[in-house]
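Structure record follows, encoded as structure tokens.
No value in this document is a laboratory result; all are computed from the given coordinates. Computed from a predicted model, the values in this text were never measured in an experiment. Cβ atoms come from the backbone with ideal geometry, glycine included; neighbour counts cover every protein chain shown.
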Amino acid sequence: SRRSHNRSASVLCMDVGFSMSNSAPGEEPPFELAKKVIQKFVQRQVFAETKDELALVLFGTDSTKNSLDQDGQYQNITVHRNLMIPDFELLEEIEHQVHPESHQADWLDALVVCMDLLQTETKGKKCDRLNISLLTDLNTRASSEQIDVIIENLKQAGITLQFFLPFPVEDDEESGRDADRGSPGHPGMGKGLSEEQKSSVDIVKHIMLNLDEENGLDEIYSFRNAIEQLCMFKRIERRPMAWPCQLTIGSCLPIRIVGYKAVTEEKLKKSWTTVDAQSNKKDDVKRETVYCLDDDNETEVEKDDTIQGFRYGSDIVPFSKVDQEQMKYKHDGKCFAVLGFAKQHTVRRHQFMGTQVIKVFSGKDDEHAGVALSALIRALDELNMVAIVRYAYDRRSNPQVGAAFPCIKKDHECLIYVQLPFMEDLRQFTFPSLENNKKFTPSDTQLSAVDSLIDSMMLLEEDDNGDQKDMFKVHHIPNPAFQRHFQCLHHRAVSPSTPLPPMEPWLKAALECPDVIAERCQGPLEEVKRKFPLTEVEKKKKLKTSAQIFEGEMHSFSICIVKHHDSCSALVNCVSLCLVVVTPVSFPVCQQLTRRLEQLLSNKNTAYFMKSITCIQAFREQSVKVNKHSLSFI
Amino acid sequence: MAEWNAYYRNEDDEEEQEEGEQSGGDYKITGRDSLVFLVDASKEMFIKGEDGQPSNFDMTMQVVRSVYASKIISSHRDLMALVFYGTEQSKDPSKSFKHVYVYHDLDEPGAKRVQEVDALRGGKGAQLAAETMGSGETSLGDALWCCANLYSDIKLRLSHKRLMIFTCRDKPHEGDSVKDRQARTKSGDLKETGVIIDLMHLMKPDGFDVAPFFRDIISPPEDESELGLQLEPCDKLEDLQKRVRAKEQKKRAQARLHLCLGEGINVAVGIYATAVTARKPAPIRLYRETNEPVRSKTRTFHTQTGSLLLPSEIKKSQVYGKKQIVMEKDEVDAIKKFEDPGMFLIGFKPMERLKRHHHIRPAAFIYPEEDEVKGSACLFSALLTKCHERNVFALCRCVSRRNYPPRFVALVPQKEEVDEGKVQISPSGFHVIYLPYADDMRTLDPPQCPTASQRQVDKMKEIVSKLRFKYRSDAFENPVIQQQYRNLEALALDMMAPEDTEDLIMPKVDQMDQRLGPLVQEFKDLVYPADYNPEGKPAAKRKTADTGGGAEKKPKVEVPEDELRAHVQNGTLGKLTVPVLKEACKKFGVHTTGTKKQELIDALVDQLGQ
């Protein structure tokens, strides 16, 4: 049977009633903030391309549209969009169709509409997570009679709740009741909370703590807080694929295992397609590869008339795909076989190959395999050893040699598999020793300057418990390339005709050295700068202008001509090169020159040669003057 | 004329270029290596050894063949020549030398040459040699002169010129001082043009004395301390005979950039790839009729008008949330750009913070480039010394090329290591370890498992100890590549069958079983119950199969049209499986080039969404 998918369904339930437009002077109204929250949230969903479905319910609307609308109940609540995968249409609707309206509705009624929607629209679908996010200022009096029924229903249906409010809500015990709550000062509080809001907050807390006694209140967010957290695009997540296999030691000791890719360089799921610039259609563009002989006519040949070959020294050996397939290395397929065990320190970190790390656990639901694997992991750990293994993913893929390291964590144990190099992969480069070269040996004062630099730039700090805390965890930073990519895609999608936006400040900051460090290292850096003179070596300009190349060539040609005055080919080459450079400047003059040169060249005499060279050189100087741009452009 | 040719470098030098920039400074390597085998063909060379040992000539041909075959794979652009001296017949391009026979001119080796050397091996080979060349007078001077001409006829830039003399006669001219002097002069001329002359003296019954004649002919050993002449001839031969089927890699920096410690503190470094996954050589497309290579041209044209499209006439697009997003090609590139190439220091961390499983690609290596920024080597060296001493690594943000987004790297200090023979094993510098981002870490749900008891662990420790070996990174050859090379060799040289490949990454099961003896059973008794079958499926799975009521559920491959349209409408096509989507594409006549799920979905939406 298939595993259940991590698919979720959620309802965004936003208050658009009139009180949402109220705000203290200089503050953004809660409506605008709430709208930003749902925009960011939907954006993330759209780009993450999850199969999660989303519905949008608005309350406080002037009209009413919901399935519970009966006998004047559940009024001013509109189901704007039913449960479906979010798309740009939804984003545009939020942008253009969601406005502040002039009614108010009971937020508990809205919650009931959402619950009903979730339950009816997920019927028959496999969803492992149901969630309702309520965005409101809680400024309506909620009728709390039904509250226990609602909680019971939420629990039964397994629906989780999140509240997004204009103000933060704190734990009573922590903040001290009444006195502090609602105190002005926090943005969004205005002059403090209204009576309606105060009683609503109590109901919210009651519900949340009933649903989750421990962490219920963690699911109550302020708008600002949420916007900050949502500015990051969702990290790319992939469901780990299980790779069941047997670890073997010799011929009679198999252990059932299952491997998962744990670390691998993630790529964007979608790639760019080429479209016609006018129609934006990809069908209008066709790419075609043709094959041609390496002759003067570039004679085209049919693809079917080509075969494949391989270079063998100066020869090319025809070797058809069929033959290659037949003669190629074949193996028995999937395996994880121990070749032997080696000391851990002999397997060096910088020799790790491949692009992934695989974590190996014992086979699913097999405690005996679990014990056997645990024995191996612990034995390796206690002996400081690794298993060197042959690993093959399946019959079609090439086998590897790799190391399986023991890994023992508080809550689990596993083997960590990394590929190791083959002899063919290694490049044994040697470099001059830095230690034995007096010229490069740093002095003691220089060394101590570096020492203080290291001191000032240590990225660990002690936290309250005296533990070392890492200030810069790379594996917690989202790949900036993806963030930027989605930022630009989103921008282009919503404002197609404007140039791409600059990088977001938070992203730039995330890639920089932490402020504390940047400040602390200023002194030591200055010291390093003083102690180590660094001078950029004047380089021969890599990109010469054509004039410079020309000059150089002229010089070497004349030398070459003098040396080999009988070498006709050199002369012809020389002249043709000159002409290539000169031609665009002035064609008629050039023709004249060509004729003259040909005359000179027919006479095998060095003196004539030098004359022709001088002639070209003078001509060139003139043309540079006349048309600087065209020459330097060549 | 050498510069001339070097300037108009062959355009098919793509292999040379793919590795990126060449390293500067002392390591500048341009041009090709060359090697001339100068082999004595006198009667003495053909004398068979005792107990049917092959003759010196035969052994030499074996060596030549194996060097040819190795070079073809490791660096086929190197030039090689095979010249015999002391022959009766003469053959050389200038037709001006007697008793010198140029068997192979200085050129890239190919299959034909290997076969031609093969023809000189064994009894038949000796016979062929006698027929074509014969043995006659010896003038090493003429032979060396002839070789000098071979070199000077080459129009390519040669980086390394070596000449190897194979002989078993320590007095080739039998005391003829004129000929001796002539040979000395010619060898001097050759050495002056940068040719290194090596002697491979072969066994002869009363020993080979290098001193009287050859000492002045050959090049002095590169290292003063090493007495090159004392080497046993067999050692050198064995080295030469060792077949290496691996592509030789020239030392080149992938990129040269600045390691920026702070504002205005830039250390110039070169990045080197020290381990790169070797792949099978790429195939070349040939024209069936003539077996000549063809070139491929790719062009982009408009489907309707058929006209070629300029880069300005195309754009790039992606579809998200049912919306097409279009960008210019330039914009697509610009999105990737964060900053100019360089390594920017963030800070330092203790080595134990570098997690073993934070691995996404093979490491690189950096070494200072003193001739880019003077003072680089000193600061680099100080940083290396201190990082090593304090057991810390440097964390840097790294942009390795233009328009590459940044990656974070750990610079791990590496002190120079040498072996007993003072040969460098690891050079000093920093290893560059690429670190994963949050997106690269996959969330796993580790299963809860029982842990082993100390008794069980101890038994496994015995097993582990029995199977200990010393790991060496160069001990394992890639069987896939080795097989491919052998197949090619077999085809090129018309061999009946390729040489056998030993699969070095196959567990030596029999030896392992033997070493372990009863330990395996003892361990199994400790961890596995008697009725447990570690090779079978887990019990839980079997149960569902038994009670499943017989027929297995086959995946439903077809979806009714209205349902499909509803999926398109709601953007829920992603819920369907790939086979279902493929079936749907077929049903609606949707043509797709791709087989990826997203491509199928896009195609269906295109067709049905309108």
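Data for the structure
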{"read-out": "10 Å Cβ neighbours from other chains, averaged over peptide B:504-515", "value": "6"}
{"read-out": "Cβ-derived FRET efficiency at R0 51 Å, A:GLU288 paired with A:GLN156, nearest 0.05", "value": "0.25"}
{"read-out": "For A:285-296, mean number of other protein chain Cβ atoms within 10 Å", "value": "5"}
{"read-out": "Label-reachable residues, the range A:395-419, where backbone N falls under 17 Å from a point 7 Å from A:LYS473's Cα toward its Cβ", "value": "A:409-412"}
{"read-out": "Total charge dipole magnitude, chain B, about the Cα centre, Cβ charges on Lys, Arg, Asp, Glu only, Debye to nearest 20", "value": "2800"}
{"read-out": "Cα lying deepest toward the dipole's positive end in the range B:278-340, options B:THR290, B:LEU308, B:PHE338, charges on Cβ", "value": "B:THR290"}
{"read-out": "Estimated vicinal HN-Hα couplings, Hz - the range B:275-283 in sequence order (Karplus 6.51, -1.76, 1.60; Gly, Pro = x)", "value": "9, 10, 4, 6, 10, 4, x, 6, x"}
{"read-out": "Approximate spin-label separation B:LYS337-B:GLN569, in nm, with each point projected 7 Å along Cα-to-Cβ", "value": "4.7"}
{"read-out": "The range B:409-536: translational diffusion in µm²/s, Stokes-Einstein, Kirkwood Rh over Cα pairs, 25 °C, 0.890 mPa s", "value": "117"}
{"read-out": "Convex hull volume of the range A:402-542 per residue (C-alpha atoms, cubic angstrom)", "value": "343"}
{"read-out": "Fraction of antiparallel bridges per DSSP, chain B only, in percent to nearest 5", "value": "65"}
{"read-out": "Aspartates and glutamates with Cα under 18 Å of A:LYS267, excluding same-chain neighbours fewer than 8 positions away", "value": "A:GLU49, A:GLU237, B:ASP333, B:ASP439, B:ASP440, B:GLU599"}
{"read-out": "Inter-chain shielding of A:439-449 (mean C-beta neighbours from other protein chains, 10 Å cut-off)", "value": "4"}
{"read-out": "Mean projected area (nm²) of the alpha-carbon convex hull when the range A:245-354 is viewed from all directions", "value": "15.4"}
{"read-out": "Computed E for A:ASP116/A:GLU93 - FRET, C-beta separation, R0 25 angstrom, nearest 0.05", "value": "0.70"}
{"read-out": "Between the range A:355-381 and the range A:486-511, the alpha-carbon center distance in angstrom", "value": "45"}
{"read-out": "Peptides ranked, highest mean first, by Cβ atoms within 10 Å: ranges A:469-477, A:149-157", "value": "A:469-477, A:149-157"}
{"read-out": "Normalised convex hull volume, the range A:1-119, alpha-carbon set, Å³ per residue", "value": "116"}
{"read-out": "Semi-axis lengths (Å, descending) of the ellipsoid that matches the C-alpha gyration tensor of the range A:434-478", "value": "33, 15, 8"}
{"read-out": "Viscosity 1.002 mPa s, temperature 20 °C, Stokes-Einstein D of the range B:115-174 from Kirkwood C-alpha radius, µm²/s", "value": "150"}
{"read-out": "Cα pair count fraction exceeding 49 Å, expressed as % - chain B", "value": "38"}
{"read-out": "Of A:LYS286/B:LYS597; A:LYS328/B:LYS337; A:LYS261/A:LYS330, those spanning more than 31 Å from alpha-carbon to alpha-carbon", "value": "A:LYS328/B:LYS337"}
{"read-out": "Loop chymotrypsin sites (Phe, Trp or Tyr not before Pro), the range A:266-328, which have at most 15 other Cβ atoms in a 10 Å radius of their Cβ (DSSP)", "value": "A:TRP272"}
{"read-out": "Against the rule of thumb 2.2 N^0.38 Å, how large the Cα Rg of the range B:323-477 comes out", "value": "1.46"}
{"read-out": "Surface/4 estimate of mean projected area, convex hull on alpha-carbon atoms of the range B:329-421, nm²", "value": "8.9"}
{"read-out": "Whole-number Å³ per residue for the convex hull built on Cα positions in the range A:285-332", "value": "148"}
{"read-out": "B:ASP170 long-range amide H proximity, modeled H, under 5 Å", "value": "B:ASP209"}
{"read-out": "Cα point-scatterer Debye curve for the range B:242-383, base-10 log of I(q)/I(0) at q = 0.19 Å⁻¹", "value": "-1.20"}
{"read-out": "Shape parameters for the range B:27-99, alpha-carbon atoms, Rg then Dmax in Å", "value": "15.5, 49"}
{"read-out": "Integer Hz, Karplus 6.51/-1.76/1.60 couplings in order for the range A:449-466, x for Gly and Pro", "value": "5, 5, 4, 5, 4, 4, 3, 6, 10, 5, 8, 10, 10, 8, 8, 4, 8, x"}
{"read-out": "Euclidean distance of C-alpha centroids, the range B:94-169 and the range B:307-353, integer Å", "value": "56"}
{"read-out": "Projected label distance in nm at B:ARG455 and A:ASP444, using a 7 Å step from Cα toward the beta-carbon", "value": "6.2"}
